[in-house]
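Single-structure report; data block below.
The values are calculated or read from the model by the stated rules, or taken from the named source; none is laboratory data. For clarity, every value in this text was computed on a predicted model and none was experimentally measured. So basically every Cβ, Gly included, is an ideal-geometry build from the backbone, and we count neighbours across all protein chains shown.
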Amino acid sequence: MNEPDRTAEAETDAAAAEEAPETREPQPTMLEQMGGVSGLFYSSVPVIVFVLANSMFGLQAGIWSAVGSAVLITVLRIVRKEPLQPAISGFFGVAIAAFIAYRTGSAKGFFLFGIWASLVYCGAFVLSVLVRWPLAGVVWNMLNGTGTAWRKDKPSRFGYDIATLALAAVFAARFVVQRWLYDENYTGWLAFAKIAMGYPLYALALLVVVWAVRRSDKRLKEISEAEESEEARIEERLRVKYGGEA
């Protein structure tokens with residue numbers, strides 16, 4: 001191949017490299033995977049509807065109003081072609097809460113499922129740290145398809161340990177506060193605590209997750225670059241050695 005041909009091929013490869021990022025399908029952010037900003041609002045609607053309807057019209061009206069609002073939200077997200085996973089999981093959460101309220105015959109029963117779910121989540125996060133598979137790292141890297149290289153780097157895993165324990169602290173706080181409100185029969189304050197300690201508190205823990213992700217990504221990039229540099233040096237030494245013998 002002559003010099004002009006090589007130059008043309010190099011220009012073609014460079015142009016393709018420049019176009020690749022534009023044609024690559026963008027990955028959804030963590031906020032988008034959670035349902036976006038609208039998901040933060042939708043999650044609080046059934047709770048507010050339940051409390052208002054229960055206070056004005058009684059438990060049965062509160063139950064059916066909460067379930068009805070969850071159904072409407074799901075339909076709305078389908079029509080607007082928004083992510084369905086948050087809507088569907090939210091609907092089943094409301095349905096289970098409504099069923100417990102119906103079975104217990106008490107408005108505060110609507111919050112019982114969420115209270116004990118918080119304890120289960122807290123336990124799962126703590127256990128994942130103890131077995132050295134911190135869920136913050138597992139879930140994040142699974143969603144983004146980046147493998148398990150982070151587990152081989154102790155500082156990266158330590159960062160994800162901290163992020164996972166921050167999430168565990170959120171669920172522990174939810175359980176302690178809401179369980180106390182449940183035992184004291186403060187149904188109205190239970191609704192407030194569920195909303196206030198929901199996505200807002202979760203967002204604070206996500207800041208720790210973002211810190212861990214960036215810290216890990218930086219370290220893994222440095223390690224990868226160091227390995228590539230070392231491979232290049234070895235290849236150069238071999239080329240000089242065997243080229244000189246030739």
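Residues in the stretch 73-85 include at least one that is under 23 Å from M197 (Cβ atoms) and aliphatic (A, V, I, L, M). When A101, A97, A53 are screened for being at pLDDT 90 or above and in contact with a Ser or Thr (Cβ under 8 Å, 6 or more places away or on another chain), only A53 passes.
Residues checked against (1) in the same structural domain as L130 (by TED's automatic domain parsing); (2) crowded, with 16+ Cβ neighbours inside 10 Å; (3) over 24 Å from V45 (Cβ atoms); (4) among the basic types (K, R):
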site: F171; (1), (2), (3), (4): yes, yes, no, no
site: R174; (1), (2), (3), (4): yes, yes, no, yes
site: Q178; (1), (2), (3), (4): yes, yes, no, no
site: Y182; (1), (2), (3), (4): yes, yes, no, no
site: L207; (1), (2), (3), (4): no, no, yes, no
site: A212; (1), (2), (3), (4): no, yes, yes, no
site: R215; (1), (2), (3), (4): no, yes, yes, yes
site: A226; (1), (2), (3), (4): no, no, yes, no
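Selection within the stretch 184-204: residues that are buried (at least 19 other Cβ atoms within 10 Å of the Cβ) and of a type in the set (G, A, S). The member of this set that is modelled with the lowest pLDDT is A191. Residues that are of a type in the set (V, I, T) and either part of a helix (DSSP H, G or I) or in contact with an Asp or Glu (Cβ under 8 Å, 6 or more places away or on another chain) (or both) within the stretch 148-172 comprise I162, T164, V170, listed in sequence order. L201 fulfils the conditions (1) under 26 Å from F113 (Cα atoms); (2) among the hydrophobic types (A, V, I, L, M, F, W, C); (3) outside any helix (DSSP H, G or I) except for a single criterion, (3). Taking the stretch 116-138 as the range and being hydrophobic (A, V, I, L, M, F, W, C) and either more than 24 Å from K194 (Cα to Cα) or outside the structural domain of P155 (by TED's automatic domain parsing) (or both) as the test, the residues that pass are L127, V129, L130, V131, W133, V138. Contact map, the stretch 72-101: residues that are in contact (Cβ under 8 Å) with a residue 40 or more places away in the chain and within 17 Å of I115 (Cα to Cα) paired with residues that are assigned to a loop (DSSP other than H, G, I, E, B) and hydrophobic (A, V, I, L, M, F, W, C), Cβ distance under 9 Å, separation 6+ or inter-chain. No pairs are found. Elements of the type helices (runs of 4 or more DSSP H) sitting completely within the stretch 73-147 and holding at least 3 residues that are within 17 Å of V51 (Cα to Cα): these cover 84-104, 112-130.
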